[in-house]
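Engineer: Next up is a structure, given as structure tokens.
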Amino acid sequence: MKLAIPDMISNSYFPAIAAIELGFFKQEGLDVAMEMIYPVDKCYAAMRDGAVDFVGGSAHSALSAFAEWQGVKLIGAQAQGMYWFLILHKDFGARRGDISAVKGKSIGAAPWVEMGLRRLLQEAGVDLVRDNVRIAPVPGMQGAGVNFGVTAARAMEERKIDGFWANGMGAEVAVRRGVGTLVLDVRRGDGPKPCFNYTMASIATTDRLIKESPDAAAAAVRALVKTQKALKQDPTLATGIGRKLFPPSEAELIAELIRRDLPYYDPTISPAFVEGMNRFARDVGILKGQVPYEQVVATQFTKEWAG
């Protein structure tokens, strides 16, 4: 079986990566290989087309390939909350929580990821046209095998962009290099309150797989839960995985990023989250209808969340 993720040198989808590397999929009887496919909509397209079995990506992005939540289900959360950070170049002197600092700036963001920032800014009263906020892909992201946050940090350092909206690894690299200022961390309370439930890092699969191989889907959920518990008990497990898969500098950062994320390691996907995510999806034009919880979440596996 194959699990696709859109970014690897990152804490965002680390539970999915670790479930493979720590052997929890194998423990559950699944032979799962990881495939990195950028950007996230291509992950979901690959799953729709049968090329991969699971996607570990942003939950709302399933709508890129499965209109109105037809044919796809979320089976578990890698972590709670919208998990991207807004970083601006330090020369702007921006302060934490000052959303108005984006005015007149060019912000790099990945496809489908950028929707979260656009809607956040609108909720905060920023008009992208009036306030001349330019949100666009990061230069240099067209090549295969690149990783978004780290590439974004480098592009900002080279002044190709004024800031970026990306994962915790990219944010950490920029701040530690002394070139970036953390402006927004939605997971930890920055920005308008509804933003927390715009999306989350989830595991998704198809209705087809659930129908044909329900035991495999349930096993994937159990592997995710075991992974979260193992990392909570010993975050330093992340370092060994990082040293195998990441460049040396990022490998030494990953355990600290995972430690910070542990309060959000909960596999539950709540009705309140789905309601908030679907409201966001309608607001940004990727969903039309009022879709019930049971059409978004594979409720037959929710009992597995308890571990």
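Engineer: What residue, among those in segment 266-278 that are out of contact with any Leu (no Cβ under 9 Å at 6 or more places or on another chain) and farther than 15 Å from Gln78 by Cβ, is surrounded by the most Cβ atoms within 10 Å (Cβ to Cβ)?
Structural biologist: So, considering only residues that are out of contact with any Leu (no Cβ under 9 Å at 6 or more places or on another chain) and farther than 15 Å from Gln78 by Cβ, the one surrounded by the most Cβ atoms within 10 Å (Cβ to Cβ) is Gly276.
Engineer: While we're looking at this one, here's another question. Can you name every one of the helices (runs of 4 or more DSSP H) wholly within segment 148-265 that holds 1 or more residues which are open to solvent by 40 Å² or more (accessible area, probe 1.4 Å) and within 30 Å of Asp91 (Cβ to Cβ)?
Structural biologist: It comes to 148-157, 168-176, 248-251, 254-261.
Engineer: Out of the residues in segment 91-102 that are over 24 Å from the mean Cα position of the chain (by Cα) and more than 11 Å from Asp162 (Cβ to Cβ), which is surrounded by the fewest Cβ atoms within 10 Å (Cβ to Cβ)?
Structural biologist: My answer is Gly93.
Engineer: Restricting segment 36-67 to residues that are among the acidic types (Asp, Glu) and more than 30 Å from Arg188 (Cα to Cα), which is farthest from the chain's Cα centre (by Cα)?
Structural biologist: Step by step, filter segment 36-67, then rank; the result is Asp49.
Engineer: Is it the case that segment 124-132 has a residue that's open to solvent by 20 Å² or more (accessible area, probe 1.4 Å) and in contact with a strand residue (DSSP E or B) (Cβ under 9 Å, 6 or more places away or on another chain)?
Structural biologist: Scanning segment 124-132 turns up at least one residue that is open to solvent by 20 Å² or more (accessible area, probe 1.4 Å) and in contact with a strand residue (DSSP E or B) (Cβ under 9 Å, 6 or more places away or on another chain).
Engineer: Evaluate the following for Leu287: is it touching a residue at least 40 places away in the same chain (Cβ under 8 Å), open to solvent by less than 20 Å² (accessible area, probe 1.4 Å), assigned to a helix (DSSP H, G or I) and among the hydrophobic types (A, V, I, L, M, F, W, C)?
Structural biologist: no
Engineer: Which of (1) charged (D, E, K, R); (2) touching a Lys or Arg at 6+ places or on another chain (Cβ under 8 Å); (3) open to solvent by 40 Å² or more (accessible area, probe 1.4 Å) does Lys105 not meet, given it meets every other one?
Structural biologist: It fails just one condition, (3).
Engineer: Could you tell me which residue of segment 9-60 is least open to solvent (accessible area, probe 1.4 Å), considering only residues that are of a type in the set (Phe, Trp, Tyr) and part of a loop (DSSP other than H, G, I, E, B)?
Structural biologist: By that ranking, first place goes to Tyr13.
Engineer: Another question, if that's okay. Could you give me the residue pairs with C-beta distances under 9 Å whose first residue belongs to segment 75-95 and is in contact (Cβ under 8 Å) with a residue 24 or more places away in the chain and within 16 Å of Arg176 (Cα to Cα), whose second residue is aromatic (Phe, Trp, Tyr) and in a strand (DSSP E or B) wherever it lies, and which are 6+ apart or on separate chains?
Structural biologist: Phe85/Phe164; Phe85/Trp165; Leu86/Phe164; Leu86/Trp165; Ile87/Phe164; Ile87/Trp165; Leu88/Phe164
The values are calculated or read from the model by the stated rules, or taken from the named source; none is laboratory data. Worth saying up front: this structure is predicted, and the values here are computed from it rather than measured. Reconstructed Cβ throughout: ideal geometry from the backbone, glycine too, with neighbour counts over all protein chains shown. The area values use the complete protein model at the heavy-atom level, side chains included, leaving out ligands, DNA and RNA. Shrake-Rupley method; radii C 1.70, N 1.55, O 1.52, S 1.80 Å.
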